[in-house]
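A.B. asks: This is the structure I have questions about; it appears just below.
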């Protein structure tokens, strides 16, 4: 591992991983709060100083004003580099939500970037006493998604589960995808 001027490290244009606004801000704050994290998880680059692992950390370091970054330079063939780009970002394992709930503070976990449960806020039901509450109800449900259950034959369940997981990880609106497909199939029947 070595330390390199941050402007010499090149983001990978073929990086398939992204980080959204709120999580990016949390990553920037994490690096500010715990800069030592970068020493134990350096940015992995190839001989051309192109990032193989740590694109988002590099972006966050720049945002945080870092001038230098720890890097690990590897000399791998193209295939191994491409494998690493994916394998470094695959989330193996799952969170033990019971342990997190019992041993950790939910607010801190959220600040650190983990999507956690939120405590229910008190709801003011007094508007339900008004005659016309449609506007208030619309405001309250703005952005709320609803779910329907879709049945699968047992032999298709695992495949369906994996497909849903795949698209959710990419922040896709699965309901919209299903609706478009079903509409197209309906049109074929006409």
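The values are calculated or read from the model by the stated rules, or taken from the named source; none is laboratory data. This structure is a prediction, so every number in the text was calculated from the model and none was measured. Here the Cβ positions follow ideal geometry from the backbone for every residue, glycine too, while neighbour counts run over all protein chains shown.
A.B. asks: Look through segment 151-167, keep the residues that are touching a helix residue (DSSP H, G or I) at 6+ places or on another chain (Cβ under 8 Å) and modelled with pLDDT of 80 or more, and return whichever of them is farthest from residue 18 (Cα to Cα).
C.D. replies: Of segment 151-167, the ones touching a helix residue (DSSP H, G or I) at 6+ places or on another chain (Cβ under 8 Å) are 152, 164, 167.
Retained after the next criterion (residues that are modelled with pLDDT of 80 or more): 164, 167.
Values: 164: 19, 167: 14 Å.
Among them, the one singled out is 164.
A.B. asks: Another question, if that's okay. Taking segment 3-32 on its own, how many of its residues are touching a strand residue (DSSP E or B) at 6+ places or on another chain (Cβ under 8 Å) and modelled with pLDDT under 85?
C.D. replies: Applying the first criterion (touching a strand residue (DSSP E or B) at 6+ places or on another chain (Cβ under 8 Å)) to segment 3-32 yields 3-6, 9-12, 15.
From what's left, modelled with pLDDT under 85: 15.
The total comes to 1.
A.B. asks: Which one of 37, 1, 99 is touching a residue at least 12 places away in the same chain (Cβ under 8 Å) and more than 25 Å from residue 172 (Cβ to Cβ)?
C.D. replies: Working: 37 fails: touching a residue at least 12 places away in the same chain (Cβ under 8 Å); 99 fails: touching a residue at least 12 places away in the same chain (Cβ under 8 Å).
None of the others qualify; the one that does is 1.
A.B. asks: If you don't mind, another one. Only strands (runs of 3 or more DSSP E) wholly contained in segment 1-81 count here; list those with 1 or more residues that are surrounded by fewer than 18 Cβ atoms within 10 Å (Cβ to Cβ). Please lay out each step first, then the result.
C.D. replies: On the way: elements: 2-5, 43-45, 51-53, 68-73.
Output list reads 2-5, 68-73.
A.B. asks: When residue 136 is evaluated against the numbered criteria (1) modelled with pLDDT of 75 or more; (2) over 30 Å from residue 89 (Cα atoms), which criterion, by number, is the only one it fails?
C.D. replies: Condition not satisfied by residue 136: (1).
A.B. asks: Restricting attention to segment 170-190, which residues are exposed (fewer than 11 other Cβ atoms within 10 Å of the Cβ) and touching a residue at least 24 places away in the same chain (Cβ under 8 Å)?
C.D. replies: Correct list: 171 only.
A.B. asks: Out of all the residues in segment 82-98, which are part of a loop (DSSP other than H, G, I, E, B) and at pLDDT 75 or above?
C.D. replies: Start the filter on segment 82-98 by keeping residues that are part of a loop (DSSP other than H, G, I, E, B), which leaves 88-96.
If the condition is that a residue be part of a loop (DSSP other than H, G, I, E, B) and at pLDDT 75 or above, then 88, 96 are the ones that fit.
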